[in-house]
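Undergrad: This is the structure I have questions about; it appears just below.
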Amino acid sequence: MKIIKLLSIFVFFINFNLNAQFGSPIIIDDSFSINKRNIVTFDVDNDGKKDIILSSFSNNIVWYKNLGTSFSASQSITSTFTTPYHLDFGDVNGDGYIDLLATNNNDNNSSVSVFINNNGGLTWSEIVLNSNLPLGAFKSFLIDVENDGDLDIVTNSDTKITMCKNDGAGVFTAPILIESATEYYSMTVADFNGNGFKDLILNTGTFGMELFTNNTSGSFNSPTVLINDGIRLFLSSFDIDNDGDIDVISGNPLANQGIDFFNNNLNTFNKIFTVSQINNVDVPLSQFHHSKLNTDAFYDILYIDNNDANLYWKANNQSGVFGNSILIDDSFVYKIVYSDDLDNDGDNDIIWLGLNSTTNLFNLGYITNESPLSVETYNNENEINIYPNPTSNSISVNTDVIEITIFNTVGQIITSANQNTVDVSNLEAGMYFMQIQSKKNLYKTIKFYKI
């Protein structure tokens with residue numbers, strides 16, 4: 001972000017640009033004749049910058065290297081994966097590179113594969129983990145089921161929920177059945193009851209929305225029905241009201257469009273409101289993304305309107321209710337939206353795929369986020385700093401803080417604290433990011449190295 005030195009200029013800049021938080025669309029690739037399915041971002045080559053991974057409706061998964069001010073041409077991960085329906089990512093074999101998990105929704109030949117990242121995306125090796133899943137597979141997630149430090153895999157197909165356990169070196173067990181029933185439509189994973197273990201919530205055709213709590217012994221308890229008022233497809237989860245527990249967002253079964261927000265209150269989920277403009281059938285979540293888009297600590301929502309295909313966001317008013325829709329862009333017929341910090345400036349940018357109505361081609365691109373920071377942050381960028389950097393044991397901030405959050409290079413939260421010094425001795429060696437909110441309500445994200 002640009003440094004504005006003069007207070008008077010800064011105040012004018014803020015007043016003039018409150019509705020210009022986001023830049024214009026920047027095109028990365030304009031060569032697609034068919035629509036795509038999913039976008040995710042992670043640092044493929046460990047250079048400290050988030051790269052873009054894009055999957056097609058059939059066969060292809062590619063990645064685009066983040067060059068800092070532009071992106072490379074697409075590089076292939078696979079061209080033979082039949083229907084890459086859902087993507088997730090994490091380091092499955094402990095080699096320091098982030099690997100890709102893909103779910104193949106191909107009728108009775110559905111499967112799950114891990115693509116091992118060899119030496120920063122130079123080559124990728126496919127490991128097929130779960131094949132011949134009946135009637136279609138929908139989502140797979142990398143989660144540490146047992147809290148033993150490695151990433152296992154949980155999958156929902158149409159008739160089964162299964163998991164494959166990781167030995168820590170990327171060798172997985174054969175699929176282990178969690179439950180078998182009919183019509184599992186979608187799944188989300190998080191620690192919903194706050195015991196430190198990841199749980200599952202699924203939308204089903206028979207029993208409605210079900211919660212499978214982790215039994216803390218390597219599997220899951222029998223499900224609890226949360227609500228059964230019709231078939232729900234869309235499903236996601238995040239902390240809507242920033243109270244420390246994970247809430248649920250699910251498709252509204254009683255309308256042609258719209259998603260319901262459920263507040264988690266001691267593991268009881270109560271519907272609090274509905275957003276009507278969002279497609280409730282989109283299981284892969286390509287039209288909706290939760291992201292921190294301004295300078296507060298609350299998640300906002302970023303979405304493609306189901307009626308006009310324009311790109312919008314709603315700001316979280318810091319109590320779990322969202323403000324009016326704010327138009328970001330209407331240049332394309334938008335199909336996919338995602339969000340992450342592409343330029344390492346501490347705020348989340350927008351990654352999108354949209355149809356160019358003039359050329360009739362699909363374009364991949366991004367929109368930079370220029371969230372206005374405080375006057376003090378611009379006038380004295382050194383007011384917040386950390387030391388020592390690099391560090392082996394602990395790291396301190398040179399000002400009083402409200403909160404410190406540490407992220408890894410793929411954006412996963414590692415730890416948080418509300419004191420000036422944080423113990424990082426248990427972190428693996430490598431690069432991390434520290435997001436700091438000071439008691440003067442200044443925000444800054446600083447890169448540091450654990451040695």
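Undergrad: Given the condition touching a helix residue (DSSP H, G or I) at 6+ places or on another chain (Cβ under 8 Å), over 25 Å from Gly168 (Cα atoms) and assigned to a loop (DSSP other than H, G, I, E, B), answer yes or no: does some residue in the stretch 83-93 qualify?
TA: Keep residues of the stretch 83-93 that are touching a helix residue (DSSP H, G or I) at 6+ places or on another chain (Cβ under 8 Å), which gives none.
Looking through the stretch 83-93, none of the residues is touching a helix residue (DSSP H, G or I) at 6+ places or on another chain (Cβ under 8 Å), over 25 Å from Gly168 (Cα atoms) and assigned to a loop (DSSP other than H, G, I, E, B).
Undergrad: Something else about it: Give me the residue from the stretch 133-166 that is open to solvent by less than 10 Å² (accessible area, probe 1.4 Å) and of a type in the set (A, V, I, L, M) and, out of that set, nearest to Thr41 (Cα to Cα).
TA: Per the stated criteria, the residue is Ile143.
Undergrad: Checking the conditions here, which among Asp300, Asp330, Asp305, Asp343 is within 20 Å of the chain's Cα centre (by Cα) and farther than 23 Å from Asp51 by Cα? I'd like the intermediate steps shown before the answer.
TA: On the way: Asp300 fails: farther than 23 Å from Asp51 by Cα; Asp330 fails: within 20 Å of the chain's Cα centre (by Cα); Asp343 fails: farther than 23 Å from Asp51 by Cα.
Only one candidate qualifies: Asp305.
Undergrad: Just the residues that are of a type in the set (A, V, I, L, M, F, W, C) and open to solvent by less than 10 Å² (accessible area, probe 1.4 Å), please, taken from the stretch 232-249. Full working, then the answer.
TA: Here is the first cut: in the stretch 232-249, the residues of a type in the set (A, V, I, L, M, F, W, C) are 233-235, 238, 240, 246, 248-249.
Within the stretch 232-249, Phe234, Leu235, Phe238, Ile240, Val248, Ile249 qualify.
Undergrad: Another question, then. Among the residues of the stretch 167-187, which ones are open to solvent by less than 20 Å² (accessible area, probe 1.4 Å), more than 16 Å from Gly90 (Cβ to Cβ) and not hydroxyl-bearing (Ser, Thr, Tyr)?
TA: First pass over the stretch 167-187, keeping only residues open to solvent by less than 20 Å² (accessible area, probe 1.4 Å): 170, 184, 186-187.
Now drop any that are not more than 16 Å from Gly90 (Cβ to Cβ), which leaves 184, 186-187.
Passing the criteria: only Met187.
Undergrad: If you don't mind, there's one more thing I want to ask. State yes or no: is Ser125 modelled with pLDDT under 95 and open to solvent by 40 Å² or more (accessible area, probe 1.4 Å)? So that I can check it myself, show each step before the final result.
TA: Details: modelled with pLDDT under 95: no; open to solvent by 40 Å² or more (accessible area, probe 1.4 Å): yes.
The answer is no for Ser125.
Undergrad: Please identify the pairs in which a residue from the stretch 339-357 that is within 15 Å of Tyr432 (Cα to Cα) has its Cβ atom under 6 Å from the Cβ atom of a residue that is open to solvent by 40 Å² or more (accessible area, probe 1.4 Å) and assigned to a strand (DSSP E or B), counting only partners at least 6 apart or on another chain.
TA: Gly346/Thr445
Undergrad: Hey, Asn130 hits all of (1) open to solvent by 30 Å² or more (accessible area, probe 1.4 Å); (2) at pLDDT below 95; (3) in contact with a strand residue (DSSP E or B) (Cβ under 7 Å, 6 or more places away or on another chain) but one; which does it fall short on?
TA: Exception for Asn130: condition (1).
Undergrad: Any residue at all in the stretch 311-324 that's open to solvent by 10 Å² or more (accessible area, probe 1.4 Å) and either among the β-branched types (Val, Ile, Thr) or touching a helix residue (DSSP H, G or I) at 6+ places or on another chain (Cβ under 7 Å) (or both)?
TA: Applying the first criterion (open to solvent by 10 Å² or more (accessible area, probe 1.4 Å)) to the stretch 311-324 yields 312-315, 317-319, 321-324.
Going one step further and asking which of them are either among the β-branched types (Val, Ile, Thr) or touching a helix residue (DSSP H, G or I) at 6+ places or on another chain (Cβ under 7 Å) (or both), we end up with 321.
Yes, the stretch 311-324 contains a residue that is open to solvent by 10 Å² or more (accessible area, probe 1.4 Å) and either among the β-branched types (Val, Ile, Thr) or touching a helix residue (DSSP H, G or I) at 6+ places or on another chain (Cβ under 7 Å) (or both).
Undergrad: Still on this structure, please answer the following. Give the residues of the stretch 95-150 that are more than 20 Å from the chain's Cα centre (by Cα), outside any strand (DSSP E or B) and among the acidic types (Asp, Glu), sorted by residue number.
TA: Passing the criteria: Asp95, Asp107, Glu146, Asp148.
Undergrad: Taking Thr274 as meeting all but one of (1) of a type in the set (S, T, N, Q); (2) assigned to a strand (DSSP E or B); (3) modelled with pLDDT under 95; (4) under 19 Å from Ile34 (Cα atoms), write down the number of the exception.
TA: Result: Thr274 passes all but (4).
Undergrad: Follow-up question, since we're still on this one. Name the single residue, out of those in the stretch 267-297 being within 14 Å of Ile249 (Cβ to Cβ) and charged (D, E, K, R), that is nearest to the chain's Cα centre (by Cα).
TA: In this case the residue turns out to be Asp282.
Undergrad: Moving to a separate point now. Among Thr182, Thr216, Thr206, which is the only one that is part of a loop (DSSP other than H, G, I, E, B), modelled with pLDDT of 95 or more and more than 22 Å from the chain's Cα centre (by Cα)? Quick ask: steps written out before the conclusion?
TA: Values: Thr182 fails: modelled with pLDDT of 95 or more; Thr206 fails: modelled with pLDDT of 95 or more.
Testing whether each residue is part of a loop (DSSP other than H, G, I, E, B), modelled with pLDDT of 95 or more and more than 22 Å from the chain's Cα centre (by Cα) leaves just Thr216.
Undergrad: Output the strands (runs of 3 or more DSSP E) that fall wholly within the stretch 15-75 and possess 1 or more residues being surrounded by fewer than 21 Cβ atoms within 10 Å (Cβ to Cβ) and among the hydroxyl-bearing types (Ser, Thr, Tyr), or say none.
TA: Values: elements: 26-32, 36-42, 51-56, 59-64.
So the answer is 26-32, 51-56.
Undergrad: Just need a number here: residues in the stretch 97-117 that are open to solvent by less than 40 Å² (accessible area, probe 1.4 Å) and more than 13 Å from Ile53 (Cα to Cα).
TA: In the first step, residues of the stretch 97-117 are kept if they are open to solvent by less than 40 Å² (accessible area, probe 1.4 Å); the result is 98-105, 110-117.
Filter once more, so that each one left must be more than 13 Å from Ile53 (Cα to Cα): 103-105, 110-114, 116.
Going through the stretch 97-117 one residue at a time, the tally reaches 9.
Undergrad: Next question. Determine, yes or no, whether Ile336 is touching a residue at least 12 places away in the same chain (Cβ under 8 Å), buried (at least 21 other Cβ atoms within 10 Å of the Cβ) and within 17 Å of the chain's Cα centre (by Cα).
TA: Yes: the conditions hold for Ile336.
Undergrad: For residues in the stretch 250-260 being farther than 15 Å from Leu200 by Cβ and touching a residue at least 40 places away in the same chain (Cβ under 8 Å), which is most open to solvent (accessible area, probe 1.4 Å)?
TA: Gln257
Undergrad: Here are Thr399, Thr415: which of them is assigned to a loop (DSSP other than H, G, I, E, B), among the β-branched types (Val, Ile, Thr) and open to solvent by 20 Å² or more (accessible area, probe 1.4 Å)? Write out each step before concluding.
TA: On the way: Thr415 fails: assigned to a loop (DSSP other than H, G, I, E, B).
Just a single option satisfies the conditions, and that option is Thr399.
Undergrad: Sticking with this one: Name every residue in the stretch 418-438 that is assigned to a loop (DSSP other than H, G, I, E, B) and out of contact with any Asp or Glu (no Cβ under 8 Å at 6 or more places or on another chain), in order of residue number. Break it down into steps so the answer makes sense when it comes.
TA: Step one: of the stretch 418-438, the residues assigned to a loop (DSSP other than H, G, I, E, B) are 418-420, 424-429.
Selection gives Gln419, Val424, Ser425, Asn426, Leu427, Glu428, Ala429.
The values are calculated or read from the model by the stated rules, or taken from the named source; none is laboratory data. If you're wondering where the values come from, they're calculated on a predicted model, not measured in any experiment. Cβ sites come from the backbone with ideal geometry, for glycine too, and all protein chains shown count toward neighbours. Heads up: the accessible areas ignore ligands, DNA and RNA and are worked out on the full protein's heavy atoms, side chains in. Shrake-Rupley method; radii C 1.70, N 1.55, O 1.52, S 1.80 Å.
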